[in-house]
Amino acid sequence: MASSNPTIRRPATSAAPAPLTRRRVLGSALALAGASTLGCAGLGRRPGAGQTYDVLVQGGTVYDGTGAPGVAADVGIAGGRIVAVGALAGAGARTLLDARGLAVAPGFVDLHSHADGTLFDDPNAESVLRQGVTTVVVGQDGYSRAPRLRATASSAAGGGSNRHFGSMGAFFEALERLSPAVNVASAVGLGTVRESVIGEENRPATPAELAEMVALVEAALAEGACGASSGLEYTPGAFASLEELTALCRPLGARGLAYATHMRNEDERLLDSIDEAIAVARGAGCPLHISHLKTQGPRNWSKLDQVFARLEQARTVERVDLSFDRYPYTAYQTHLTNLFPAWSRDGGVDAFLARLSDPVMGERLRAAAVAKVESIGGWDNVMVSAVAHAADRAAEGQRLGSHAAALGASPYETAVALLQRSRGDVGMVGFAMSEENLVRIISHPLWMAASDGSAVALKGPARRGHPHPRSLGTFSRVLGVYVREKKVLTLEQAIHKLSGFPASRARLKDRGLLAPGMAADVVVFDPASVADRATYTQPFAYATGVHAVLVNGAIALRDGERGPLRGGRPLRATAVCSRLLPP
């Protein structure tokens, strides 16, 4: 069986690197922002008395997304673009938004989203819009809607959640016809690429297969994918070697697009996994983005200093362009199958379930799963978030330890029974991270917010299971808890981390800034009241404090009501204007 956990040699440490500070990042951002707006988006018209706009956002405090402090200004919008920012007294507008006492910011960009799981069933993206998010970047954790070249049991089902496309271009065309409420960009998933060519087998790619996979990545990028992602704890992505990942990421280098990775391990082998991610980016010559950076499990919480030191060395000594994201919660969400080693999922779900039932192999898997659960604090730190088998819906939202006790069964046997009845399709939330580390991660200059969540709704087809509250609260929680309450960030710093920084990382040239010539994606919110309301026990609650959201100049949300039109569109990345990135 091919090894899927290569050993990475850490380079020797050279002279002490200059520390990366938030001031250095923001100073660089401010220096680049003006040139970026002119070079990428073109000049806007000068405001003047008598000018009539489609929308005039009047009287607010405008934060431009660069990290600069807010200024009192109006924002004039016409033809889906921002055409003026400043004192626009005397101007007229078809629609006037009164923003007095409120913050006006670029629409937020969710750099790591799974909203594509429900968009084709419910394109309104309610939980996303109500946080002020106007753009989602999907195709994460190695899984994208395209390119899908071979049918699987799930892709043949035909529902919106399982809808797949032969090419990235076909996916974007379907989004254009759909007209979702928010903009959608997509990375190409390297796990999807591997599955399309090799299937779910744990073996190395042949030279011909590797060439075919590289060609698929090239085609997806040419059609507008904004980077590539891997999910190295998931199959079949877990079966990819360092050499395969590096080859698949080389097409990113010439375009300046990032490799975003859900690393191979986020607990016991965290540091080795970071080294592997750095080695891929260094070998491919592309930027690196680490998805949902965490130190998982109490015995790994102390590793954060080593993590930061390793990233700083890669950035300054090895000259790797890197960043990372994290949601503002101390629990993660994944598949219940991730309690088991990747090798046990070789060959797909039927082979996995057969191994669970095998007397010898089953005991080996039991030991591995129990050890994994013990590392995060026990079975009551595992909450069932979703099941495919309708008769088991009562398990959703339950802690596995308590749920099993109520059934008079062991937690492990309860977990296996759920997996068998749902044919492996069971979600879980794991409570395994530290609030102290979360604060340190959020305060780091290379951090940006991302939900790792879905687009959900309080009713209709997008209400599913018992989701992690991050789907409904990530962006509002950053502003309410980590800005207003804990003062980890200033408001202008947070807005930069929610808008300009992630837009730049995804190479979305006309998003993330409030400036003339940029697309009119705008959020108007109350810094004094913006808050998340979703909890682990009651996840279906929308965030509050967002007064208005515009997507491409169309009012998507106003005073809690959706606008008459859905203004979102597919966004194709362009390899230009590397703005708002650390030096």
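To keep it simple, each residue is scored yes or no on (1) out of contact with any strand residue (DSSP E or B) (no Cβ under 8 Å at 6 or more places or on another chain); (2) in contact (Cβ under 8 Å) with a residue 24 or more places away in the chain.
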residue	(1), (2)
F340	yes, yes
V387	no, yes
G408	yes, no
V416	yes, yes
V429	no, yes
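What's the total number of residues in segment 475-487 that are surrounded by fewer than 23 Cβ atoms within 10 Å (Cβ to Cβ) and in a helix (DSSP H, G or I)? Let's see the steps before the verdict.
Let us first name the residues in segment 475-487 that are surrounded by fewer than 23 Cβ atoms within 10 Å (Cβ to Cβ), namely 481-487.
This time we only want the ones that are in a helix (DSSP H, G or I), so: 481-485.
Count: 5.
Looking only at segment 62-81, how many residues end up being over 15 Å from Q493 (Cβ atoms) and either part of a loop (DSSP other than H, G, I, E, B) or polar (S, T, N, Q) (or both)? Give the derivation first.
Within segment 62-81, the first condition is being over 15 Å from Q493 (Cβ atoms), and the residues that meet it are 62, 71-81.
Remaining after also requiring either part of a loop (DSSP other than H, G, I, E, B) or polar (S, T, N, Q) (or both): 79-80.
The qualifying residues number 2.
From L210, L245, L257, which residue is in contact with a helix residue (DSSP H, G or I) (Cβ under 9 Å, 6 or more places away or on another chain), open to solvent by 10 Å² or more (accessible area, probe 1.4 Å), in contact (Cβ under 8 Å) with a residue 12 or more places away in the chain and among the aliphatic types (A, V, I, L, M)?
On the way: L245 fails: open to solvent by 10 Å² or more (accessible area, probe 1.4 Å); L257 fails: open to solvent by 10 Å² or more (accessible area, probe 1.4 Å).
Selected residue: L210, the only one of L210, L245, L257 that is in contact with a helix residue (DSSP H, G or I) (Cβ under 9 Å, 6 or more places away or on another chain), open to solvent by 10 Å² or more (accessible area, probe 1.4 Å), in contact (Cβ under 8 Å) with a residue 12 or more places away in the chain and among the aliphatic types (A, V, I, L, M).
Being more than 17 Å from A367 (Cβ to Cβ) and either of a type in the set (D, E) or open to solvent by 20 Å² or more (accessible area, probe 1.4 Å) (or both) is the filter here, so list the residues in segment 407-424 that pass it.
L407, G408, A409, A417, Q420, R421, R423
Please work out which residue is farthest from the chain's Cα centre (by Cα), limiting yourself to segment 48-67 and to residues that are farther than 16 Å from H547 by Cβ and open to solvent by less than 20 Å² (accessible area, probe 1.4 Å). So that I can check it myself, show each step before the final result.
Keep residues of segment 48-67 that are farther than 16 Å from H547 by Cβ, which gives 48-54, 64-67.
Subsequent filtering for residues that are open to solvent by less than 20 Å² (accessible area, probe 1.4 Å) retains 53, 65-67.
Working: Y53: 34, G65: 19, T66: 20, G67: 21 Å.
Within segment 48-67, the match that is farthest from the chain's Cα centre (by Cα) is Y53.
Among residues belonging to segment 352-365 that are without any contact (Cβ under 8 Å) to a residue 40 or more places away in the chain and of a type in the set (A, V, I, L, M, F, W, C), point out the one that is nearest to Y412 (Cα to Cα).
L365
On the basis of being open to solvent by 10 Å² or more (accessible area, probe 1.4 Å) and part of a loop (DSSP other than H, G, I, E, B), does A528 make the cut? Let's see the steps before the verdict.
Values: open to solvent by 10 Å² or more (accessible area, probe 1.4 Å): yes; part of a loop (DSSP other than H, G, I, E, B): yes.
Yes; evaluated as a whole, the condition is true for this residue.
Can you pull out every residue in segment 537-553 that is assigned to a loop (DSSP other than H, G, I, E, B) and either over 19 Å from P180 (Cα atoms) or open to solvent by 30 Å² or more (accessible area, probe 1.4 Å) (or both)?
As a first pass, look at segment 537-553 and keep what is assigned to a loop (DSSP other than H, G, I, E, B): 537-543, 545, 552-553.
If the condition is that a residue be assigned to a loop (DSSP other than H, G, I, E, B) and either over 19 Å from P180 (Cα atoms) or open to solvent by 30 Å² or more (accessible area, probe 1.4 Å) (or both), then T537, Q538, P539, F540, A541, Y542, A543, G545 are the ones that fit.
Out of A105, A84, report the one residue that is open to solvent by less than 10 Å² (accessible area, probe 1.4 Å), over 18 Å from V549 (Cβ atoms), outside any loop (DSSP other than H, G, I, E, B) and in contact (Cβ under 8 Å) with a residue 24 or more places away in the chain. Give the derivation first.
On the way: A105 fails: over 18 Å from V549 (Cβ atoms).
So the residue among A105, A84 that is open to solvent by less than 10 Å² (accessible area, probe 1.4 Å), over 18 Å from V549 (Cβ atoms), outside any loop (DSSP other than H, G, I, E, B) and in contact (Cβ under 8 Å) with a residue 24 or more places away in the chain is A84.
If a residue has to be among the aliphatic types (A, V, I, L, M), more than 31 Å from the chain's Cα centre (by Cα) and assigned to a helix (DSSP H, G or I) to count, how many in segment 398-416 make the cut?
Keep residues of segment 398-416 that are among the aliphatic types (A, V, I, L, M), which gives 400, 404-407, 409, 415-416.
Those still in the list that are more than 31 Å from the chain's Cα centre (by Cα) too: 404-407, 409.
Pick out the ones that are also assigned to a helix (DSSP H, G or I) and you get 404-407.
Count: 4.
Going through segment 425-438 one residue at a time, which ones are part of a loop (DSSP other than H, G, I, E, B) and open to solvent by 40 Å² or more (accessible area, probe 1.4 Å)? First the steps, then the outcome.
From segment 425-438, those part of a loop (DSSP other than H, G, I, E, B) are 425, 432-434; that's our starting set.
Once the filter is applied, which keeps residues that are part of a loop (DSSP other than H, G, I, E, B) and open to solvent by 40 Å² or more (accessible area, probe 1.4 Å), segment 425-438 yields only D425.
Being in contact (Cβ under 8 Å) with a residue 40 or more places away in the chain and more than 20 Å from the chain's Cα centre (by Cα) is true for just one of R477, R484, R464, R470. Which residue is that? Outline the logic, then answer.
Working: R477 fails: more than 20 Å from the chain's Cα centre (by Cα); R464 fails: more than 20 Å from the chain's Cα centre (by Cα); R470 fails: more than 20 Å from the chain's Cα centre (by Cα).
Result of the check over R477, R484, R464, R470: R484.
Restricting to segment 506-531, name every residue that is among the hydrophobic types (A, V, I, L, M, F, W, C), over 22 Å from A181 (Cα atoms) and touching a residue at least 60 places away in the same chain (Cβ under 8 Å). Break it down stepwise before answering.
Of segment 506-531, the ones among the hydrophobic types (A, V, I, L, M, F, W, C) are 506, 508, 513-515, 518-520, 522-525, 528, 530-531.
When the remaining residues are screened for being over 22 Å from A181 (Cα atoms), the result is 515, 528.
Across segment 506-531, the qualifying residue is only A515.
Let me confirm something: among A368, A314, which residue is open to solvent by 20 Å² or more (accessible area, probe 1.4 Å) and without any contact (Cβ under 8 Å) to a residue 60 or more places away in the chain?
Working: A314 fails: open to solvent by 20 Å² or more (accessible area, probe 1.4 Å).
One residue alone meets the criteria, A368.
Confirm whether D452 is crowded, with 21+ Cβ neighbours inside 10 Å, at positive phi and not aromatic (F, W, Y).
Yes: the conditions hold for D452.
Among the residues of segment 511-525, write down those that are at positive phi and either among the aromatic types (F, W, Y) or surrounded by fewer than 22 Cβ atoms within 10 Å (Cβ to Cβ) (or both). Outline the logic, then answer.
So the first thing to find is which residues in segment 511-525 are at positive phi, and the list is 512, 517.
Across segment 511-525, the qualifying residue is only G517.
Regarding T490, is this residue polar (S, T, N, Q), closer than 30 Å to T316 by Cβ and either touching a Gly at 6+ places or on another chain (Cβ under 8 Å) or buried (at least 18 other Cβ atoms within 10 Å of the Cβ) (or both)? Steps first, please.
Numbers: polar (S, T, N, Q): yes; closer than 30 Å to T316 by Cβ: yes; either touching a Gly at 6+ places or on another chain (Cβ under 8 Å) or buried (at least 18 other Cβ atoms within 10 Å of the Cβ) (or both): no.
The answer is no for T490.
Just give me the residues in segment 439-448 being touching a Pro at 6+ places or on another chain (Cβ under 7 Å) and not in a loop (DSSP other than H, G, I, E, B), in sequence order.
Going through segment 439-448, the residues touching a Pro at 6+ places or on another chain (Cβ under 7 Å) turn out to be 442, 445-446, 448.
Across segment 439-448, the qualifying residues are I442, M448.
With the structure loaded, tell me whether L339 is surrounded by 22 or more Cβ atoms within 10 Å (Cβ to Cβ) and over 20 Å from the mean Cα position of the chain (by Cα) or whether it fails that test. Even if it seems obvious, please write down each step before you answer.
Numbers: surrounded by 22 or more Cβ atoms within 10 Å (Cβ to Cβ): yes; over 20 Å from the mean Cα position of the chain (by Cα): yes.
Against the criterion (surrounded by 22 or more Cβ atoms within 10 Å (Cβ to Cβ) and over 20 Å from the mean Cα position of the chain (by Cα)), L339 qualifies.
Mind listing just one residue for me: the one in segment 371-385 that is open to solvent by 30 Å² or more (accessible area, probe 1.4 Å) and in contact (Cβ under 8 Å) with a residue 40 or more places away in the chain and, of those, nearest to T414 (Cα to Cα)?
Step one: filter segment 371-385 for residues open to solvent by 30 Å² or more (accessible area, probe 1.4 Å), giving 371-372, 374, 377, 379-381.
Going one step further and asking which of them are in contact (Cβ under 8 Å) with a residue 40 or more places away in the chain, we end up with 377, 381.
On the way: G377: 18, N381: 15 Å.
The selected residue is N381.
Among the residues of segment 221-246, write down those that are in a helix (DSSP H, G or I) and either more than 24 Å from H292 (Cα to Cα) or in contact with a Gly (Cβ under 6 Å, 6 or more places away or on another chain) (or both). Quick ask: steps written out before the conclusion?
Taking segment 221-246 as the starting set, the residues that turn out to be in a helix (DSSP H, G or I) are 221-222, 237-239, 242-246.
Within segment 221-246, A222, G237, T246 meet the criteria.
If you check A556, A503, A534, which single one turns out to be touching a residue at least 24 places away in the same chain (Cβ under 8 Å), assigned to a strand (DSSP E or B) and crowded, with 22+ Cβ neighbours inside 10 Å? Let's see the steps before the verdict.
On the way: A503 fails: assigned to a strand (DSSP E or B); A534 fails: assigned to a strand (DSSP E or B).
Residue meeting the stated conditions: A556.
Within 27 Å of Y482 (Cβ to Cβ), touching a strand residue (DSSP E or B) at 6+ places or on another chain (Cβ under 8 Å) and not polar (S, T, N, Q), is that true of L311?
On the way: within 27 Å of Y482 (Cβ to Cβ): yes; touching a strand residue (DSSP E or B) at 6+ places or on another chain (Cβ under 8 Å): yes; not polar (S, T, N, Q): yes.
Against the criterion (within 27 Å of Y482 (Cβ to Cβ), touching a strand residue (DSSP E or B) at 6+ places or on another chain (Cβ under 8 Å) and not polar (S, T, N, Q)), L311 qualifies.
Name every residue in segment 268-293 that is open to solvent by 10 Å² or more (accessible area, probe 1.4 Å) and under 22 Å from T235 (Cα atoms), in order of residue number.
Correct list: E268, R269, L271, D272, A279.
The values are calculated or read from the model by the stated rules, or taken from the named source; none is laboratory data. Computed from a predicted model, the values in this text were never measured in an experiment. All Cβ positions, even for glycine, are placed from backbone atoms using ideal geometry, and neighbour counts span all protein chains on display. Surface areas here come from the heavy atoms of the whole protein model, side chains and all, with no ligands, DNA or RNA. Shrake-Rupley method; radii C 1.70, N 1.55, O 1.52, S 1.80 Å.
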